[in-house]
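Before any comments, here is the structure.
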Amino acid sequence: MARKVMTDVDDFLSYGGSGGGREGGGYLERWKDRGKIDVVLHPGVKPVALWFNNWWREGRDKEDKEQKILRVMRYNGLEGDEFYQNCKGSRSRNDDGVLKVPPEIDPFALLIEWVREMIETDQLGWLDPIFDMRIGRDRKVLHASPFCGHLKSIQKNLTDEEKDQLKEVGISLKTSWMEDCTPQLNFVFVVVQYNRPADGALITVEKKTLGMAIQKVIGERIEDCRDGAKQRKQPWNGEGDPWRHPYVMRWSYDEHGEYSDKYDAKAMLSLEIGPEILSVLGEEPPDMGTLTRPGNVRELRMGMEKWWCHRKLVPPWDELFGPVEEQQRENNRSDGEPEREQFPFGANAPAEDGDQSEAQDEEEDNGPVECDWCGVAFPATDSKCPECHAEYDDNGVMVEEGLKRMKDKFRKDAEPAKPEDDFPASYSAKGKPEPEPKPEPKQTAKPKDAPAPARRTMRRR
């Protein structure tokens with residue numbers, strides 16, 4: 001299964017990889033716009049390492065339930081933890097390109113490897129469109145090489161001709177990650193806000209880079225406390241472990257930093273934990289089961305078969321989904337549930353699937369949603385992704401202005417900031433409104449040796 005619940009602090013530190021309230025189940029509000037937040041990790045629940053793939057599905061408009069739209073979803077993978085820790089990076093594959101730890105049952109992982117094999121054997125063009133998802137005015141196209149992570153592995157060795165081919169299909173190396181559907185790692189924490197303990201224990205899904213920063217600060221804190229205990233000739237009592245001896249931690253986010261330097265964390269030992277926070281820490285933590293449960297295989301196959309668009313090559317769907325479908329049949333038989341003889345998809349889907357999808361929409365509206373582009377989870381009530389700053393309308397559809405702002409981000413950051421003046425543009429340096437300039441009369445040409453007239457300098461924005 002693509003999640004790993006940490007058993008203790010050592011388990012968390014060693015893990016790697018290439019509106020809430022006290023009623024529980026709430027989600028931490030968007031904090032990255034503020035740049036930092038002070039939190040206390042809840043001692044009653046350890047973090048969860050969650051591996052997922054970005055995918056999309058048919059959803060229903062919040063205002064008009066009859067209208068269908070395209071929604072991003074998180075598909076939690078089904079492979080063992082060993083696979084996900086060894087599925088990325090240059091050392092994850094043998095010389096023949098095959099994964100050293102290949103997938104066994106997860107259909108998403110099997111499809112990614114199938115697409116990659118088709119590219120390597122020239123049965124599929126590396127930039128061929130393979131998924132064309134259209135629902136109403138929404139559309140998203142996925143190309144073969146970015147989809148399976150192939151482009152990321154070869155982008156440093158691309159020829160000029162191959163770069164021209166990328167431009168022809170409208171793919172930029174800076175934004176190709178938007179089509180990457182390979183497994184991603186997030187960490188799920190339960191925290192209490194230091195300045196707002198009345199909100200109770202809240203669930204938050206954070207990116208791998210912040211998780212690694214938290215690992216570093218906890219490791220350094222434990223090392224310091226161990227050395228201190230050793231110097232005092234006393235046994236280490238677990239001090240430094242935030243789940244045994246809670247302390248305040250400050251998470252920070254720098255929008256303009258490099259990818260690996262955007263997030264940071266540090267222990268704030270000068271901030272004392274008051275009785276109100278201690279009261280929340282003693283309560284039962286919220287359940288993260290809905291967020292970390294395995295992906296819906298039936299829904300995934302319905303979408304993939306419906307949106308596959310390559311006309312000459314079709315994946316062996318029964319072969320890719322067969323292992324997990326058989327496993328689910330076995331589980332249903334052992335649980336005493338009625339067995340489904342087959343898995344109907346697309347136009348053959350039964351009516352109850354539509355009801356299930358609508359119920360899923362209602363459930364999703366009460367929790368976090370994921371950005372269409374970067375996959376970061378954030379509250380459904382927010383209109384802007386805290387990571388890539390893509391903006392969405394009230395129906396959850398990304399607006400063009402948000403996408404344009406994201407594309408222009410690097411250019412705008414490179415431009416030097418203009419100095420601010422003391423007075424508005426319509427005022428002079430003396431603080432009085434300046435009269436509108438009158439058109440100057442035409443002047444005859446003057447000799448070259450004549451001095452230029454003095455100009456009045458003014459301060460403007």
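When we screen LYS174, LYS140 for residues that are over 17 Å from VAL72 (Cα atoms) and modelled with pLDDT under 95, the only hit is LYS174. Taking each residue of the stretch 282-293 that is within 14 Å of VAL205 (Cα to Cα) and of a type in the set (Val, Ile, Thr) and looking for partners that are open to solvent by less than 70 Å² (accessible area, probe 1.4 Å) and modelled with pLDDT of 90 or more with beta-carbon atoms closer than 6 Å, six or more apart or interchain, yields THR292/VAL48; THR292/LEU50. If you check LEU111, LEU151, LEU124 for being touching a helix residue (DSSP H, G or I) at 6+ places or on another chain (Cβ under 9 Å), modelled with pLDDT under 95 and open to solvent by less than 40 Å² (accessible area, probe 1.4 Å), only one passes: LEU151. Would you say ASP95 is open to solvent by 70 Å² or more (accessible area, probe 1.4 Å) and at positive phi? In short, no. Looking across the stretch 249-273, the residues that are assigned to a strand (DSSP E or B) and open to solvent by 60 Å² or more (accessible area, probe 1.4 Å) come down to ASP264, LYS266.
Considering only residues in the stretch 197-226 that are small (Gly, Ala, Ser) and in a helix (DSSP H, G or I), the one that is surrounded by the fewest Cβ atoms within 10 Å (Cβ to Cβ) turns out to be ALA198.
The residues on offer are ASP160, ASP180, ASP164, and the sole one that is more than 30 Å from TRP243 (Cα to Cα) and in contact with a helix residue (DSSP H, G or I) (Cβ under 8 Å, 6 or more places away or on another chain) is ASP180. Take ALA229 and decide whether it is in contact with a Pro (Cβ under 7 Å, 6 or more places away or on another chain), among the small types (Gly, Ala, Ser) and surrounded by fewer than 17 Cβ atoms within 10 Å (Cβ to Cβ). Yes. Here VAL191 does not fit the description of being over 19 Å from ASN54 (Cα atoms), open to solvent by 10 Å² or more (accessible area, probe 1.4 Å) and among the β-branched types (Val, Ile, Thr).
Conditions (1) within 30 Å of ASP264 (Cα to Cα); (2) out of contact with any Cys (no Cβ under 7 Å at 6 or more places or on another chain), marked per residue:
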| residue | (1), (2) |
| --- | --- |
| ILE130 | no, no |
| SER153 | yes, yes |
| LEU166 | no, yes |
| GLY200 | yes, yes |
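The condition of being at pLDDT below 95 and crowded, with 16+ Cβ neighbours inside 10 Å holds for only one of LYS88, LYS65, LYS100, that being LYS88.
The values are calculated or read from the model by the stated rules, or taken from the named source; none is laboratory data. Quick caveat, the model's predicted, so the values are computed rather than measured. Using ideal geometry, Cβ is built from the backbone for each residue, glycine included, and neighbour counts are taken over all protein chains shown. Only protein heavy atoms, including side chains, enter the accessible area calculation; ligands, DNA and RNA are left aside. Shrake-Rupley method; radii C 1.70, N 1.55, O 1.52, S 1.80 Å.
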